[in-house]
């Protein structure tokens, strides 16, 4: 590594507790608290869409920093987390597995620090309906 180059790291996200192999798993990695958990207007977010039978996703070449991961199990493949009366009908999970109350956790509850090394986040899926 040359002087002044930012260290880069790898993140492996392991997904536990997926209730079926139907649909897709959408993984969003962000360093922007204002765009967590949706990552909708986050130009710096890194997202992956993989078949639901896939139980891990890797992100390579990440700059060192503070990140959070949000995952949804898009069982019907419509690119969104379906809800009924505001309650998620599909699975969801977050890095560091924060306690789930009313609404999604704050960035601070899901954040983790990535250094120039490899890191692993094991995310447990939650299903309400």
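Matching residues to (1) under 23 Å from residue 7 (Cβ atoms); (2) surrounded by fewer than 18 Cβ atoms within 10 Å (Cβ to Cβ):
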residue: 54; (1), (2): no, yes
residue: 63; (1), (2): yes, yes
residue: 101; (1), (2): no, yes
residue: 114; (1), (2): yes, no
For segment 109-121, which positions are at pLDDT 95 or above, farther than 15 Å from residue 35 by Cβ and not in a strand (DSSP E or B)?
109
Which one of 11, 24 is more than 17 Å from residue 110 (Cα to Cα), surrounded by 15 or more Cβ atoms within 10 Å (Cβ to Cβ) and either in contact with a helix residue (DSSP H, G or I) (Cβ under 9 Å, 6 or more places away or on another chain) or at pLDDT 95 or above (or both)?
24
Applying the selection to segment 94-108, what residues are without any contact (Cβ under 8 Å) to a residue 60 or more places away in the chain, outside any strand (DSSP E or B) and touching a helix residue (DSSP H, G or I) at 6+ places or on another chain (Cβ under 7 Å)?
96, 98
For residue 42, are the conditions met, namely being surrounded by 13 or more Cβ atoms within 10 Å (Cβ to Cβ), more than 13 Å from residue 121 (Cβ to Cβ), in contact with a helix residue (DSSP H, G or I) (Cβ under 9 Å, 6 or more places away or on another chain) and modelled with pLDDT of 95 or more?
no
Restricting to segment 78-99, count the residues that are surrounded by 18 or more Cβ atoms within 10 Å (Cβ to Cβ) and in contact with a strand residue (DSSP E or B) (Cβ under 6 Å, 6 or more places away or on another chain).
7
Which members of segment 14-40 meet the condition of being out of contact with any strand residue (DSSP E or B) (no Cβ under 7 Å at 6 or more places or on another chain) and part of a loop (DSSP other than H, G, I, E, B)?
20, 21, 22, 32, 38, 40
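The values are calculated or read from the model by the stated rules, or taken from the named source; none is laboratory data. Owing to the predicted nature of the structure, the values given are computational and were not obtained by experimental measurement. As a convention, Cβ positions derive from the backbone with ideal geometry for all residues, glycine included, and neighbour counts pool all protein chains shown.
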